[in-house]
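Below: one structure, written as structure tokens.
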Amino acid sequence: MTTLAHNTGPRRWATTTRRRAAGDLAVALVAVLVMAVMTRWLFEVSHTYVAKSIGLYVGLAALILRSGSDEFTGPGVGPANRVTLGRSTLVLPISALALEPPSLPDDVQWWIIAVSTVAMICDGIDGAVARRTGTNTVFGARFDMELDSFLALALSTLVWRSGKVGLWIVLIGAFRYLFVVAGWLWPALTVKLPPSQRRKTVCVVNSTVLLICLAPIISSSVASAAAAAALLLLTWSFAVDIRWLAIRAPLSRRTAVE
């Protein structure tokens, strides 16, 4: 009887946590819907655009409930995660525009730049909130990072589809995901990296360059040059991390044996 209570307690707590988080997720769903409908009303986008935005959000909500419920610092998803979730209501409708037909009008591109800039400015607020409230979690840091990565992938795709730069620019957004896939083949890459200001700076620089490249007033030649420089910078940053991991892996194995 005691064992049964011990086993069902955590499950009941997780269920309650998910139920509370559902309230935050429902509010965010309404915000995504409002953002998507407003974008659809202001600009010439497809009739399926709103459904694409909602589809992306539903996928995010499912991942949040599946992987983050054990770390929610409540009420709901917690104060810091709530800020990140708020940013997602800007990022996902913008990302859905990458699924629209190519050659978006100039006013849509300016809208993408404006909304993405707001989302980028708000990045870091969640970290500050987490530190101030003492609610830092592994999930929160991962949530923030993955949202930034997804925005970079969407922006690089939008720049490519604008016709200014070749398909290679998508590497800027895909680099993080290629690194994850490489970790499946080379486990050394899955070791946790220490915090790095260099990594954060490169992320901001790359996102800023993508927004600049997307601007209608920027020519194809300038966009290509800026994107190439950003990709080189990103490649260097990943090379530094990979070198650190490659050196660290044998040391970790040696320590484990000893």
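Every number here is computed from the coordinates shown, using simple stated rules; none is lab data. Note that this is a predicted model, so its numbers are computed, not measured. Here the Cβ is made from the backbone with ideal geometry for all residues, glycine too, and neighbour counts use every protein chain on show.
Summary of values
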item: Selected from 78, 58, 108, residue furthest toward positive end of dipole (the chain; charges at beta carbon); result: 78
item: In Hz, Karplus ³J(HN,Hα) per residue of region 223-234 (6.51, -1.76, 1.60; θ = phi - 60°; x = Gly, Pro); result: 4, 5, 5, 5, 5, 5, 5, 5, 5, 5, 4, 5
item: Sequence-distant lysines (8 or more away, or on other chains) whose Cα lies within less than 29 Å of residue 52; result: 164
item: Label-reachable residues, region 181-209, where backbone N falls under 14 Å from a point 7 Å from residue 240's Cα toward its Cβ; result: 194-206
item: Distance histogram for region 70-180 (every C-alpha pair counted, 10 angstrom bins, percent rounded to whole numbers); result: 14, 40, 30, 13, 3
item: From phi via Karplus (6.51, -1.76, 1.60), per-residue ³J(HN,Hα) for region 203-212 in Hz, x at Gly/Pro; result: 4, 5, 4, 5, 5, 5, 4, 4, 5, 5
item: Equivalent ellipsoid semi-axes - Cα gyration tensor, region 180-239, angstrom; result: 29, 13, 9
item: Cβ charges +1 (Lys, Arg) and -1 (Asp, Glu), total dipole of region 2-257, debye; result: 1020 debye
item: Residue-span extension gain [residue 131 to residue 58] - 0.36 nm each, minus C-alpha spacing; result: 23.4 nm
item: Reference-scaled alpha-carbon Rg (2.2 N^0.38 Å with N residues) for the chain; result: 1.12
item: Under Karplus coefficients 6.51, -1.76 and 1.60, residue-wise ³J(HN,Hα) of region 178-194 in Hz, glycine/proline x; result: 5, 5, 5, 4, 4, x, 5, 8, 10, x, 4, 6, 8, 5, 5, 7, x
item: Three-way shape label, region 109-258, alpha-carbon gyration tensor, a/c 1.5; result: oblate
item: FRET efficiency, 1/(1 + (r/R0)^6) with R0 30 Å, evaluated for residue 177 and residue 42 via beta carbons; result: 0.45
item: Nearest-0.05 FRET efficiency for residue 34 and residue 220, computed from C-beta distance (R0 45 Å); result: 0.80
item: Under-5 Å amide H pairs with residue 77, H placed in peptide plane, nonlocal only; result: 24
item: Assigned charges on the beta-carbon of Lys, Arg, Asp, Glu; region 134-253 dipole about Cα centre (debye); result: 280 debye
